[in-house]
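*Asks:* To start, I am sharing the structure in question, which I have written as structure tokens.
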Amino acid sequence: MAITIAPLHQHFVGSVTGIDICRPLTRSEVAELEAGMDRYGVLVFHGQPLTDEQQCAFSRNFGELEVTLAGQMAKPEHRRFGDRLELGDISNLSGNDGALRARDDHRRMYALANQLWHSDASFRAIGAGYTLLHGRVIPSRGGNTEFADMRAAYHALDDAMKAEVEDLICEHSIVFSREQIGWRVDSETDADKLKPVRHRLVITHPVTGRRSLYLSSHIGGIVGWPVPEARAFIRDLTEHATQREFVYSHAWQVNDLVMWDNRTVMHRARRFRDLKEVRDLRRTSIKGVGLEVPVLAAAE
Ligand code: OGA
Ligand code: MN
């Protein structure tokens with residue numbers, strides 16, 4: 001079986017066939033998929049009935065697994081996958097009995113911010129590299145995941161704008177994204193996890209050398225700028241970067257696995273009738289090499 005990757009969009013996103021990712025991969029298969037990620041930023045696999053264990057094993061081919069902030073904060077009685085903390089619960093389920101979360105469940109409030117365009121874990125000193133999402137239960141309508149190509153968005157800026165953003169440094173915190181939907185992050189959360197971290201707005205991919213905009217709803221400021229000016233600017237840039245021309249919308253099928261590079265694309269969840277229907281996706285994420293470029297020296 002030979003791996004084939006076919007483009008699903010004019011700028012990015014590839015659909016992968018000719019591989020069974022439920023079983024162990026060879027080094028050369030991993031290398032081919034990594035090359036596909038470098039080129040396409042998002043890879044889509046259909047018909048992959050992964051177990052939790054197999055999803056973790058497949059993900060480990062690409063680096064060290066991370067535990068999400070939501071996973072770290074989850075009370076033990078809310079953990080649907082027991083001790084498997086590296087598996088993120090991207091569902092609207094309350095527990096393992098099939099009941100949906102209540103309308104005002106704080107986990108639901110927290111997850112609603114996934115509907116804002118973002119890069120995973122950009123509020124960490126080293127954000128996520130790849131994220132992998134696997135579809136287990138899909139609602140009958142809505143609930144797509146959308147991706148926007150931040151390389152194409154950067155490339156489309158005019159020269160004056162490219163010069164303006166070149167050295168900007170943004171401040172990211174989970175507090176800023178939740179604030180946008182009127183949700184105050186639990187005050188019990190470790191203050192350390194809420195402290196803004198700094199990242200360059202323009203990043204260079206460590207493998208391809210291509211530049212992209214490292215945008216995210218977690219951004220709440222630009223170093224040296226008044227906050228309102230920074231937020232208006234970031235909002236404007238996000239609007240530019242998420243024009244339909246740069247966007248692919250993934251309509252989920254059961255047993256799809258979609259993986260993306262957070263250094264190359266932004267993404268968001270779309271709404272669905274989450275009080276009536278189940279949506280159960282499982283997430284793994286890999287630490288982002290190349291996002292640890294020191295920015296403190298350039299600031300202030
Ligand atoms: C995530 C995320 C989008 C979705 O899991 O990080 O943003 O469509 N999910 O659920
Ligand atoms: Mn996300």
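The values are calculated or read from the model by the stated rules, or taken from the named source; none is laboratory data. These figures come from a predicted structure and were not determined experimentally. Don't worry about glycine lacking a Cβ; one is built from the backbone with ideal geometry, like all the others, and counts go over all protein chains shown. Ligands, DNA and RNA are stripped out before the accessible areas are found, and what is left, the full protein with its side chains, is counted by its heavy atoms. Shrake-Rupley method; radii C 1.70, N 1.55, O 1.52, S 1.80 Å.
Residue-by-condition table, conditions (1) in contact with a Leu (Cβ under 7 Å, 6 or more places away or on another chain); (2) part of a helix (DSSP H, G or I):
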| residue | (1), (2) |
| --- | --- |
| Q10 | no, no |
| V16 | yes, no |
| I21 | yes, no |
| E32 | no, yes |
| A35 | no, yes |
| G47 | no, no |
| L50 | yes, no |
| Q54 | no, yes |
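*Asks:* Exactly one condition in (1) surrounded by fewer than 19 Cβ atoms within 10 Å (Cβ to Cβ); (2) within 12 Å of ligand 1 (Cβ to nearest atom); (3) closer than 28 Å to R39 by Cβ is not met by I126; state its number.
*Replies:* (2)
*Asks:* Which condition does D186 not pass, out of (1) in contact (Cβ under 8 Å) with a residue 24 or more places away in the chain; (2) surrounded by 14 or more Cβ atoms within 10 Å (Cβ to Cβ), if it passes all the others?
*Replies:* Here D186 clears every test but (2).
*Asks:* Let me ask something else about it. Name the strands (runs of 3 or more DSSP E) wholly within the stretch 212-285 that hold at least 3 residues that are closer than 21 Å to R178 by Cβ and either near ligand 1 (Cβ under 10 Å from one of its atoms) or in contact with a helix residue (DSSP H, G or I) (Cβ under 7 Å, 6 or more places away or on another chain) (or both)?
*Replies:* Fully inside the stretch 212-285 and qualifying: 219-222, 265-269.
*Asks:* Separate question: Please work out if A74 is hydrophobic (A, V, I, L, M, F, W, C), without any contact (Cβ under 8 Å) to a residue 60 or more places away in the chain and open to solvent by 40 Å² or more (accessible area, probe 1.4 Å).
*Replies:* no
*Asks:* On to the next question. Assuming G88 fulfils every condition listed in (1) closer than 28 Å to E32 by Cβ; (2) touching a helix residue (DSSP H, G or I) at 6+ places or on another chain (Cβ under 7 Å); (3) open to solvent by 40 Å² or more (accessible area, probe 1.4 Å); (4) within 16 Å of ligand 1 (Cβ to nearest atom) apart from one, which condition is it?
*Replies:* Checking G88 against (1) closer than 28 Å to E32 by Cβ; (2) touching a helix residue (DSSP H, G or I) at 6+ places or on another chain (Cβ under 7 Å); (3) open to solvent by 40 Å² or more (accessible area, probe 1.4 Å); (4) within 16 Å of ligand 1 (Cβ to nearest atom), the one that fails is (3).
*Asks:* Out of R141, R151, I need the residue that is farther than 24 Å from K193 by Cα, more than 16 Å from ligand 2 (Cβ to nearest atom) and buried (at least 20 other Cβ atoms within 10 Å of the Cβ). Which one? Quick ask: steps written out before the conclusion?
*Replies:* On the way: R141 fails: buried (at least 20 other Cβ atoms within 10 Å of the Cβ).
Answer to the selection: R151.
*Asks:* Between V202, V223, V227, which is in contact with a Gly (Cβ under 9 Å, 6 or more places away or on another chain) and aliphatic (A, V, I, L, M)?
*Replies:* V227
*Asks:* If N61 satisfies every condition in (1) open to solvent by less than 70 Å² (accessible area, probe 1.4 Å); (2) over 21 Å from W252 (Cα atoms); (3) out of contact with any helix residue (DSSP H, G or I) (no Cβ under 6 Å at 6 or more places or on another chain) but one, which is the exception?
*Replies:* Evaluating N61 over (1) open to solvent by less than 70 Å² (accessible area, probe 1.4 Å); (2) over 21 Å from W252 (Cα atoms); (3) out of contact with any helix residue (DSSP H, G or I) (no Cβ under 6 Å at 6 or more places or on another chain) leaves (3) as the failure.
*Asks:* Still on this structure, I have one more. Looking at the structure I just gave you, is T208 open to solvent by less than 60 Å² (accessible area, probe 1.4 Å), over 19 Å from the mean Cα position of the chain (by Cα) and closer than 27 Å to A70 by Cα?
*Replies:* no
*Asks:* Scan the stretch 93-113 and give yes if some residue there is in contact with a strand residue (DSSP E or B) (Cβ under 6 Å, 6 or more places away or on another chain), within 30 Å of G290 (Cβ to Cβ) and either open to solvent by less than 30 Å² (accessible area, probe 1.4 Å) or not hydroxyl-bearing (S, T, Y) (or both), otherwise no.
*Replies:* No, every residue in the stretch 93-113 fails to be in contact with a strand residue (DSSP E or B) (Cβ under 6 Å, 6 or more places away or on another chain), within 30 Å of G290 (Cβ to Cβ) and either open to solvent by less than 30 Å² (accessible area, probe 1.4 Å) or not hydroxyl-bearing (S, T, Y) (or both).
*Asks:* Of the residues L213, L194, L281, L291, which is away from ligand 2 (no atom under 16 Å from the Cβ), open to solvent by less than 70 Å² (accessible area, probe 1.4 Å), under 18 Å from the mean Cα position of the chain (by Cα) and of a type outside the set (V, I, T)?
*Replies:* L213
*Asks:* Scan D158, D120 and give me the residue that is open to solvent by 40 Å² or more (accessible area, probe 1.4 Å), farther than 19 Å from E277 by Cα and either at pLDDT 95 or above or under 13 Å from the mean Cα position of the chain (by Cα) (or both).
*Replies:* D158 is the lone residue from the list that is open to solvent by 40 Å² or more (accessible area, probe 1.4 Å), farther than 19 Å from E277 by Cα and either at pLDDT 95 or above or under 13 Å from the mean Cα position of the chain (by Cα) (or both).
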